[in-house]
2 protein chains.
Amino acid sequence: KQKEFQSASGKTSSTNREAFRDAVKTVLERRLFYIPSFEIYGSVAGFYDYGPPGCALKQNFTQFWRQHFVLEESMLEVECPAVTPEVVLKASGHVDRFTDLMVTDVVTGDCHRADHLLEAALQALLDGKPKPLDTQERQAVHHLLATVEELNVKQLGDALEQYGVKAPETNNDISRPFPFNLMFKTSIGPRGDQVGYLRPETAQGIFVNFRHLLYSNGGKLPFAAAQIGQSFRNEISPRAGLLRVREFTQAEIEHFCNPDAKDHPKFQSIAREQPLLFSRALQMSEEKQPQAMQLGDAVSQSIIANQTLAYFIGRTYLFLLRVGINPKRLRFRQHLANEMAHYAEDCWDAEVECSYGWVECVGLADRSAYDLRAHATKSKTDMSAYEPFPDGSRMVDVLVAAVDKREVGKTYKKDGKAITEALESLPEEEKACMQADLAAGKPCKVTVGDAEFAITAAMVQIKQEKKKLTGRNFVPSVIEPSFGVGRIIYCMFEHCYATRKGDEKRSLFHFKPIVAPVKATVFPLFAQPTFIDQAQAVAALLTAAGLSTIVDSTGASIGKRYARTDEIGVPFAVTVDHQTLEDSTVTVRDRDSTTQVRVPIAEVQALLTELVKGRTWESMQQQYPTHASAADDN
Amino acid sequence: KQKEFQSASGKTSSTNREAFRDAVKTVLERRLFYIPSFEIYGSVAGFYDYGPPGCALKQNFTQFWRQHFVLEESMLEVECPAVTPEVVLKASGHVDRFTDLMVTDVVTGDCHRADHLLEAALQALLDGKPKPLDTQERQAVHHLLATVEELNVKQLGDALEQYGVKAPETNNDISRPFPFNLMFKTSIGPRGDQVGYLRPETAQGIFVNFRHLLYSNGGKLPFAAAQIGQSFRNEISPRAGLLRVREFTQAEIEHFCNPDAKDHPKFQSIAREQPLLFSRALQMSEEKQPQAMQLGDAVSQSIIANQTLAYFIGRTYLFLLRVGINPKRLRFRQHLANEMAHYAEDCWDAEVECSYGWVECVGLADRSAYDLRAHATKSKTDMSAYEPFPDGSRMVDVLVAAVDKREVGKTYKKDGKAITEALESLPEEEKACMQADLAAGKPCKVTVGDAEFAITAAMVQIKQEKKKLTGRNFVPSVIEPSFGVGRIIYCMFEHCYATRKGDEKRSLFHFKPIVAPVKATVFPLFAQPTFIDQAQAVAALLTAAGLSTIVDSTGASIGKRYARTDEIGVPFAVTVDHQTLEDSTVTVRDRDSTTQVRVPIAEVQALLTELVKGRTWESMQQQYPTHASAADDN
């Protein structure tokens, strides 16, 4: 079933996709990988619990992320609160701009996302409902559908009116669209006067700590900081299961570097990886198909903006493969120019194909110095780093403020000294502005503490001078890989789901051992104390090595018990049989091949540890005798 | 310094305690173990970030907690959202009762905890401010101070008035105390009509999933579920640094069992552990001192209510020791009768002594069936489990409702059938009530859906019958160990802090290797490429094994570099020296003893892995030659 879906992916009818999704969902819910939250109270849309296997898998996933990124790249990991005072999110722009456009049902007051309603209405028209369109109409609808995300609030409102879009289910009229802020609002402290929000992303906690982190890194660039934690978005009408939720785990990296030095020392280690790249050019081409391309070529051909961004694309690619994403259903799509924020240098999304279509799972963006500058301005904190020039000293043109102290003192008396200092230490850009304004005869001001003072051309002359500098201060660029943990895990569920050949009812998950929620099931062949005790002892050995293990000592047939453990994707099964009691060996079965080998109990702990870390089953088969099972495995 | 403080603990003056606390805090903040959150915007009380070493340590801590509890006890771990709809917290009692008593400064509006103000005022009186008290006054103040936590809102208000307590700093009048709910409130969804809160504890997520978890465990008891996650409390005026914060990590376990079967199969494994127990009787005694006692004895002498509660006390004791809590400064204090909720059977707090005094770090409570019953009632969901009698079937007295259907039908017509069914399926307790009420001629009702129907003695006769039952349904008891992760970590910081003998300025943390934020520092003896490259290669080996490693290749002396790594508690240092280039061996230094051995590079990965997992340094010294360092370590 999975193969059918995969081979036909993109061409499959939506009915097949939904049938596949339902099949996966049925197992996931029955085995409690996830559970709609607060179910005994009727649930709340957009909230899910991870049940025991889901929670274990998610833990393994984030631990592996830590190993792959934080440890291997020596990143600085931080943990910041979810509750965030308004000023931080005002600076980042979230208070003003983190919105979706919403319409309400004018009768019931129900809320809907304006873009989703328009898209659904346009799709219905294309599907010939209520009646077939002529060619010209068809083209217009097609064009509009492709550009819905670019419409501003007025254009979106006009389009909804033009096509007479009504509220779903009730068919009532809808309001004009208006922006709805997606942050959960709260109040900090008992007075009720300090507004706070639940963070909509984990990145801001890193930015506000930039100075500390730079200090912690000995003042040197580049370095990367990371945070794994919960983020919150009060979605208007969340659907799409685990893909669009109101509380979710993010894993974000902020790599800080000199804007003039975006090469990466470890770039060669991933330069020959060949992910599917869906560049801007390919998206605008006739075929609209991504292409496998070496990352080294993508950088040398300027398809990816710089080595560091490409390095993280490569590391992300390797990470996704190692947790079980199918590389044929993974592409890196470059943002079109109109998708990117004005300050962004280049953005790529890791998109994974699942039954919902192509889903953005990781965003990789070169955000220039935008975030640090925003916080520098709002908090009046220096967010710059200093780097010596690699080639020694340089003669540089700088602007110098030559203050006429007598003139300043005459006007401002005792404030004169502070004003002089403020003028002399103005940032380069502000000096340039003042120079231009004074020349044009415009009024100029300087800020000292909370006060502003008018400055005249008589008080200061801004002039260019040559100066010998050994280095420079600059606000670092940020390259940000941002992972949606739940989305990747959901796609992984779909990619790892399969049914046993010849038995459509026996489903299994081909989880990679490193993320599998349970590493081994131990089976006593018979439900008798001698077998059970021995099985418990083997399980205790594995548990002590940190391998999550369950013992299934129910009386069911070994075949049935294998089916049960396959269903939650346990990669290895250890069976205690008659021979165990004689020679202290057990059989170890590989979930994917269903083959078995016989292994001494004394070695089983070390071997399973190696298998979980990545040793191949084939190498096990070479080392140990094959065990032909008496029990029927199918 | 630590020893001085320890040996004098409890008797030290508060000045010494504060000096010690400041010394620890200075290192923790300078090395970024933690950082006041949003510092560039002036911080917000009660919020802290974990910086790189703090975050790494906390991760190691929670991973070890998982290993010690979840894996070794086969618990079912879940992960539920922090945002929680009101109904859940209404059922749990938090909406109505999760409050602290607050007073406001009548002029400024500043908010204060009423009990803290009273305590401070009483303490000042005892310290002779504004003037010495006579013996009688002294006794009264003493008594009141000891019972502040038991005062209700009126008594607390009266006491504040009686002693003329004013607002701190301003000395203004204060308001009467009133309850302030400590939950952060928010709104779910775009309509703004669904109230939500940030969960004040992680436990509720487990309770609402009880039915799923029971199913997942094959319908069998006992089993335990666990959750690690953020909880939120909008404290009125948080002080005390990391000990009282508004967002914190909890690790909670809910062990569900038959109320009649609280023995624990693994009890013997901890029965001989001897933590300091501070039982109710000892607290009421003259000496008021805890006593070391075997847990087996504590249960057999009925000091601890049951084996399961004692088992978790034992496992908690072992856990705290393994993460570095000093057993002499750890006691388990039993709640006095007036401290416990009415439904609780027995409660013990693991309290750890630090510079703030004895701090509650873990609560262990037998909460009977309170939580499950509360949710069963509110959600109208069956929260019972079924267990067969261990001794086969039993003849049991049951109450049976014999309904006169004609009589019911006469009065209620078409509702008759539903009413009959409702009467027959009444829970045992309600049948007993109805039997008594009918006998006493009181009015009786039965609920069907949303409607209530009056029931007369003519309609139903409740009578006792003998019935053969093979088992029974019951709402399980819950035994709840609840860990405050940040509090334990803070106490651990204090317990692990020390200075090098003879050098008060060289501080270090004696972190246990399992929780240490960095496991090894690799030093090239000289800052030259041959040494640095070799050091990088060794570090890569260690990182690949999941051991967090840093390379310090600054030009500072090896003694200075050791001091720097000691300061963040790195347990092992690996040095690449001249001999390394000749024979591929490195020196490994133990932080605590400062002794070194020489080890082949090929073995260093496996050895450090073993050391982190608990292998002793002494066994290393027996296996490898001692290296007498040329570098001055002190």
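The values are calculated or read from the model by the stated rules, or taken from the named source; none is laboratory data. Values in this document were obtained by computation on a predicted structure and should not be read as measured data. Ideal geometry is used to build each Cβ from the backbone, glycine not excepted, and the neighbour counts take in all protein chains shown.
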*Does residue B:161 satisfy being among the charged types (D, E, K, R), touching a residue at least 24 places away in the same chain (Cβ under 8 Å) and either more than 30 Å from residue A:51 (Cβ to Cβ) or away from chain A (no Cβ under 11 Å) (or both)?*
no
*Can you tell me which residues in segment A:190-225 are surrounded by fewer than 23 Cβ atoms within 10 Å (Cβ to Cβ), at the interface with another protein chain (Cβ under 7 Å from one of its Cβ atoms) and not basic (Lys, Arg)?*
A:190, A:212, A:216
_Take residue A:322 and tell me if it is buried (at least 19 other Cβ atoms within 10 Å of the Cβ), basic (Lys, Arg), touching a residue at least 60 places away in the same chain (Cβ under 8 Å) and out of contact with any strand residue (DSSP E or B) (no Cβ under 7 Å at 6 or more places or on another chain)._
no
_Tell me yes or no: at least one residue of segment A:141-152 is touching a strand residue (DSSP E or B) at 6+ places or on another chain (Cβ under 8 Å) and among the small types (Gly, Ala, Ser)._
no
*asked:* Just to confirm my filter: which strands (runs of 3 or more DSSP E) fall fully inside segment B:222-315 and include at least 1 residues that are touching a residue at least 12 places away in the same chain (Cβ under 8 Å) and closer than 30 Å to residue B:197 by Cβ?
replied: B:223-232, B:247-257
*So residue B:504 fits all but one of (1) in a strand (DSSP E or B); (2) in contact with a helix residue (DSSP H, G or I) (Cβ under 7 Å, 6 or more places away or on another chain); (3) modelled with pLDDT under 95; what number is the exception?*
(2)
*Would you point out which residue out of B:262, B:288 is loosely packed, with under 15 Cβ neighbours inside 10 Å and of a type in the set (Lys, Arg)?*
B:288
*Could you check how many residues of segment A:157-172 are in contact with a Lys or Arg (Cβ under 9 Å, 6 or more places away or on another chain) and surrounded by 14 or more Cβ atoms within 10 Å (Cβ to Cβ)?*
3
*Would you please name the residue that is surrounded by the fewest Cβ atoms within 10 Å (Cβ to Cβ), looking only at residues in segment A:542-558 that are of a type in the set (Ser, Thr, Tyr) and facing another protein chain (nearest Cβ under 10 Å)?*
A:554
*If a residue has to be within 11 Å of chain B (Cβ to nearest Cβ), farther than 20 Å from residue B:248 by Cβ and of a type outside the set (A, V, I, L, M) to count, how many in segment A:69-97 make the cut?*
5
*Selection status of residue A:131, more than 8 Å from chain B (Cβ to nearest Cβ), touching a residue at least 60 places away in the same chain (Cβ under 8 Å) and not acidic (Asp, Glu)*: no
*asked:* Residues that are loosely packed, with under 15 Cβ neighbours inside 10 Å and not β-branched (Val, Ile, Thr): does segment A:506-518 have at least one?
replied: no
*Taking segment A:39-56, which residues are more than 7 Å from chain B (Cβ to nearest Cβ) and among the small types (Gly, Ala, Ser)?*
A:42, A:43, A:45, A:46, A:54
*Only residues that are in contact with a Lys or Arg (Cβ under 8 Å, 6 or more places away or on another chain), among the hydroxyl-bearing types (Ser, Thr, Tyr) and within 14 Å of another protein chain (Cβ to nearest Cβ): list them for segment A:339-398, please.*
A:381
*Output the residues belonging to segment B:464-499 that are in contact with a helix residue (DSSP H, G or I) (Cβ under 8 Å, 6 or more places away or on another chain) and of a type outside the set (A, V, I, L, M, F, W, C).*
B:476, B:480, B:481, B:482, B:486, B:487, B:490, B:494, B:495, B:497, B:499
_Just to check your reading of the model, which residue among B:584, B:553, B:548 is within 22 Å of residue B:32 (Cα to Cα) and touching a strand residue (DSSP E or B) at 6+ places or on another chain (Cβ under 7 Å)?_
B:553
_Residues of segment A:20-38 that turn out to be farther than 19 Å from residue A:247 by Cα and either touching a Leu at 6+ places or on another chain (Cβ under 8 Å) or away from chain B (no Cβ under 14 Å) (or both), as a count_ = 7
*Could you pull out the residue among B:539, B:520 that is among the hydrophobic types (A, V, I, L, M, F, W, C), more than 22 Å from residue B:33 (Cα to Cα) and in contact with a Ser or Thr (Cβ under 6 Å, 6 or more places away or on another chain)?*
B:539
*Assess whether residue B:429 counts as being at negative phi, in contact (Cβ under 8 Å) with a residue 12 or more places away in the chain and acidic (Asp, Glu).*
no
*Could you grab me the full set of residues in segment B:21-75 that are among the polar types (S, T, N, Q) and touching a strand residue (DSSP E or B) at 6+ places or on another chain (Cβ under 9 Å)?*
B:26, B:37, B:43, B:59, B:62, B:74
*asked:* Among the residues that make up segment B:489-504, is at least one of them touching a Phe, Trp or Tyr at 6+ places or on another chain (Cβ under 7 Å), among the aliphatic types (A, V, I, L, M) and either crowded, with 19+ Cβ neighbours inside 10 Å or more than 30 Å from residue B:232 (Cα to Cα) (or both)?
replied: yes
*asked:* Every residue in segment A:136-154 that is within 13 Å of residue A:120 (Cα to Cα) and either small (Gly, Ala, Ser) or more than 26 Å from the chain's Cα centre (by Cα) (or both), please.
replied: A:141, A:142, A:144, A:145, A:146
*Restricting attention to segment A:564-576, and to residues there that are without any contact (Cβ under 8 Å) to a residue 60 or more places away in the chain and assigned to a helix (DSSP H, G or I), which single residue is farthest from the other protein chains (Cβ to nearest Cβ)?*
A:565
*Residues being assigned to a strand (DSSP E or B), of a type outside the set (Val, Ile, Thr) and within 10 Å of chain B (Cβ to nearest Cβ): count how many of those fall in segment A:175-189.*
4
*asked:* Quick check on segment B:399-411. Is at least one of its residues free of Cβ contacts under 8 Å to residues at least 40 places away in the same chain and loosely packed, with under 12 Cβ neighbours inside 10 Å?
replied: yes
*From the list A:374, A:422, which residue is assigned to a helix (DSSP H, G or I), over 27 Å from the mean Cα position of the chain (by Cα) and more than 30 Å from residue A:317 (Cβ to Cβ)?*
A:422
_Tell me which helices (runs of 4 or more DSSP H) are completely within segment A:38-154 and hold 2 or more residues being of a type in the set (Phe, Trp, Tyr) and either surrounded by 15 or more Cβ atoms within 10 Å (Cβ to Cβ) or on the phi < 0 side of the Ramachandran plot (or both), or say none if there are none._
A:52-65
